[in-house]
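The values are calculated or read from the model by the stated rules, or taken from the named source; none is laboratory data. Bear in mind that the values here come from a model prediction, so they are computed numbers and not experimental data. All Cβ positions, glycine included, derive from the backbone under ideal geometry; neighbour counts span all protein chains shown. Calculation scope for accessible area: heavy atoms of the full protein, side chains included, ligands and nucleic acids excluded. Shrake-Rupley method; radii C 1.70, N 1.55, O 1.52, S 1.80 Å.
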Amino acid sequence: MSFPQPRTPEEDLAHAKRRLSLPSVVAICGSTRFMAEMTEADLLETKAGRIVVKPGCDMKSPHEFWSDPAEAEALKVRLDELHRAKIRLADEVLVVGDYIGDSTRAEIAYARSLGRPVRFTHPEVDPDA
């Protein structure tokens, strides 16, 4: 008698999304200097029928939440962890902007290590192209 192989958490999530008939989920990545472009990409992806997750904080703009440098550093760590969770949740990643910094490069590598397709608004900046 053969027993079914246990599924990974990722396979469980994909199965649940299919059972719930959820639309594709897109994680938007990129430098927060491109927040306006991310908002436009969010609009286009949503119009195309996709669920969008993207950075929710622009730490390059002044705000009381990150005015203290020590608190800002701790927040950045938490936001990076949160964004990796968004990438795990997503079916694909859309990289916005014509510049790829270290954080975005790491997000692209992480997405690809999970087998997530990665699209670019500016394909010429793909570090693996």
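Atom-type composition of the exposed protein surface of segment 24-129 places 55 percent of the accessible area on carbon and sulfur (1.4 angstrom probe). Once the 1.4 Å probe is applied to the protein heavy atoms, the chain comes out at 65 Å² accessible per residue.
How would you order 53-62, 100-109, 66-75 from highest to lowest mean count of nearby Cβ atoms within 10 Å?
Ranked by mean Cβ neighbours within 10 Å, highest first: 100-109, 53-62, 66-75.
Taking every protein chain into account, the 1.4 Å probe leaves Ile51 with about 70 Å² of accessible area, to the nearest ten.
Expressed as a fraction of 2.2 N^0.38 Å, the C-alpha radius of gyration for segment 45-119 is 1.21. Please compute the net charge surrounding Met35, taking Lys and Arg as +1 and Asp and Glu as -1 over other residues with Cβ under 12 Å from its Cβ. My count for the surroundings of Met35 gives -1.
Based on Cα contacts under 8 Å between residues 6+ apart, segment 5-129 shows a relative contact order of 30 percent. Estimated purely from DSSP H runs of n ≥ 4, each contributing -39500 (n - 2.57), the mean residue ellipticity at 222 nm for the chain is -14500 deg cm²/dmol once divided by its residues.
What net charge is computed for the residues neighbouring Val95, neighbours being all others with C-beta under 9 Å from the C-beta of Val95, Lys and Arg scored +1, Asp and Glu -1? After counting each charged neighbour, the total is -1.
In order along segment 75-89, phi translates into HN-Hα couplings of 5, 4, 4, 5, 5, 4, 5, 5, 5, 4, 5, 4, 5, 4, 5 Hz, rounded to whole numbers, per the Karplus curve 6.51 cos²θ - 1.76 cosθ + 1.60 with θ = phi - 60° and x for Gly and Pro.
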